[in-house]
Amino acid sequence: MKVYYGDVFKGHETGPGHPENPGRLDYALAGVREAGVPLSAPRARDDVAQRLETAHGRDYIRYVEDLCSLGNLTELDGDTWVSPGTCAAALAAVSAMLDALDSKEHAYILARPPGHHAGRSGRALTAPTQGFCIFNTAAVGALYGEGVAVVDIDVHHGNGTQEILYDRDVLYISTHQDPLTLYPGTGFPDEVGRGRGEGYNVNVPMPPGLGDDGFKEIFDDVVMPILRQYGPRALVVSLGWDAHKEDPLADMGLTLNGYRYAIKSLLSLNVPAVFLLEGGYNYSVIREGSKMLAMELAGLGRAPPEEPSASDHSVWGRMSRVLAEVRSIQSKYWRL
């Protein structure tokens, strides 16, 4: 397995007090180093620009490049910023994704800026902002090879990834907090894809407060059965640590035990899995989660240092209704 990291990813600045800041990587790095896993630096590739255009329009790419060239911190929208180092960081993330997929090994990419809210031309679907995201590295990875599936376990719906893949027969599965309660307000079960992509878009919105028990149920009842039927040759995992109960920007109830269950389930498919850092804003969770993931990928798994969480009766009832709705809709396309 490989962990991709370079100081170039810290070159993307977001301004004082911004939750998505370069310091996040210090904690992820600390966790990986505690796991004893070496780092691989991203390298320059000649095909990055070409691959980026599979997910984004040229006008948008040029617009971002123009903002990077201004030489100062520039507001792209209400919560997303571009700095002189943003383009180099975002392109290095894409390079790391392509290298990871080429290697056919498990990988963890410690990159920023994140990407799953960035649509073809920036803001995606009905979202008011790009949610800290610049280029959609996960979508580029999904469109790079045959048979790649994307699983998004960030607490926010990956509206950009959904938009880019919506009319393609590329499987996208997202677990996220109920869009009625959290940005970006998309990701309902009836959003199933369009045209050739119908049936390949799977959304499982989770009620706030859902614990590890409910997350395991989602993976056992929906995520893994669909993945096994799809038969991916590789996985791209948009990994946000922000569904953890201690994250300051969301309202879920997971612990690292729930994340570990999801990770082990995905690895059980025995195909290369590339985990891409997206969100997560509690530093200790980023550190411990990164350590746990690195150890799992290296075959050195251990239980997280916290007790599993359980959903209360009302939350479990809401989750059961959501799962019934998802099964009803997706049973048209998959055996559930």
* **Of all residues in segment 123-139 being crowded, with 24+ Cβ neighbours inside 10 Å and in contact with a strand residue (DSSP E or B) (Cβ under 8 Å, 6 or more places away or on another chain), the one that is farthest from Asp212 (Cα to Cα)** => Ile134
* **Residues satisfying the stated conditions in segment 1-28, i.e. closer than 21 Å to Leu76 by Cα and assigned to a loop (DSSP other than H, G, I, E, B)** => His12, Glu13, Thr14, Gly15, Pro16, Gly17, His18, Pro19, Glu20, Asn21, Pro22
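I'm trying to understand the selection: among the residues of segment 33-53, which are among the acidic types (Asp, Glu), more than 23 Å from Asp167 (Cβ to Cβ) and in a loop (DSSP other than H, G, I, E, B)? Spell out the reasoning first.
Step one: filter segment 33-53 for residues among the acidic types (Asp, Glu), giving 34, 46-47, 53.
From what is left, the residues that are more than 23 Å from Asp167 (Cβ to Cβ) are 34, 46-47.
Asp46, Asp47 - these are the residues of segment 33-53 that are among the acidic types (Asp, Glu), more than 23 Å from Asp167 (Cβ to Cβ) and in a loop (DSSP other than H, G, I, E, B).
For the structure I just gave you, tell me whether Val94 is in a loop (DSSP other than H, G, I, E, B), free of Cβ contacts under 8 Å to residues at least 60 places away in the same chain and farther than 26 Å from Ala250 by Cβ. So that I can check it myself, show each step before the final result.
Details: in a loop (DSSP other than H, G, I, E, B): no; free of Cβ contacts under 8 Å to residues at least 60 places away in the same chain: yes; farther than 26 Å from Ala250 by Cβ: yes.
Answer is no for this residue.
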* **Unmet criterion (only one of (1) over 23 Å from Asp59 (Cβ atoms); (2) β-branched (Val, Ile, Thr); (3) in contact with a Pro (Cβ under 8 Å, 6 or more places away or on another chain); (4) surrounded by 24 or more Cβ atoms within 10 Å (Cβ to Cβ)) for Val236** => (3)
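Where in segment 119-222 are there strands (runs of 3 or more DSSP E), lying fully within it, with 3 or more residues that are of a type in the set (A, V, I, L, M, F, W, C) and under 22 Å from Val48 (Cα atoms)? If you could, list the steps in order and put the result at the bottom.
Numbers: elements: 148-152, 172-177, 201-206.
So the answer is 148-152.
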* To do: State the number of residues belonging to segment 54-82 that are closer than 15 Å to Gly160 by Cβ and out of contact with any Cys (no Cβ under 9 Å at 6 or more places or on another chain).
  => 9
* **Identity of the residue in segment 245-283, part of a loop (DSSP other than H, G, I, E, B) and either at pLDDT below 95 or of a type in the set (Val, Ile, Thr) (or both), that ends up farthest from Lys2 (Cα to Cα)** => Thr255
* The listed residue being in contact with a Phe, Trp or Tyr (Cβ under 6 Å, 6 or more places away or on another chain), buried (at least 24 other Cβ atoms within 10 Å of the Cβ) and at pLDDT 95 or above, out of Ala111, Ala142 -> Ala111
* To do: Please indicate, with yes or no, whether at least one residue in segment 97-115 is touching a Cys at 6+ places or on another chain (Cβ under 7 Å) and more than 18 Å from Glu163 (Cβ to Cβ).
  => no
* **Residue ID - farthest from Thr181 (Cα to Cα), chosen from residues in segment 256-271 that are surrounded by 22 or more Cβ atoms within 10 Å (Cβ to Cβ) and touching a helix residue (DSSP H, G or I) at 6+ places or on another chain (Cβ under 7 Å)** => Ile263
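Count, please, the residues in segment 166-203 that happen to be aliphatic (A, V, I, L, M), under 18 Å from Glu278 (Cα atoms) and within 15 Å of the chain's Cα centre (by Cα).
Adding up the residues that qualify gives 1.
At pLDDT 95 or above and touching an Asp or Glu at 6+ places or on another chain (Cβ under 8 Å): which single residue out of Gln229, Gln162 fits that description?
On the way: Gln229 fails: touching an Asp or Glu at 6+ places or on another chain (Cβ under 8 Å).
When all the criteria are applied, what remains is Gln162.
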* Structure fact -> Asp59 passes all but one of the listed conditions (1) assigned to a loop (DSSP other than H, G, I, E, B); (2) of a type in the set (D, E, K, R); (3) within 30 Å of Gly145 (Cβ to Cβ); the exception is number (1)
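The values are calculated or read from the model by the stated rules, or taken from the named source; none is laboratory data. Model, not experiment: these values are computed from the prediction. All Cβ positions, glycine included, derive from the backbone under ideal geometry; neighbour counts span all protein chains shown.
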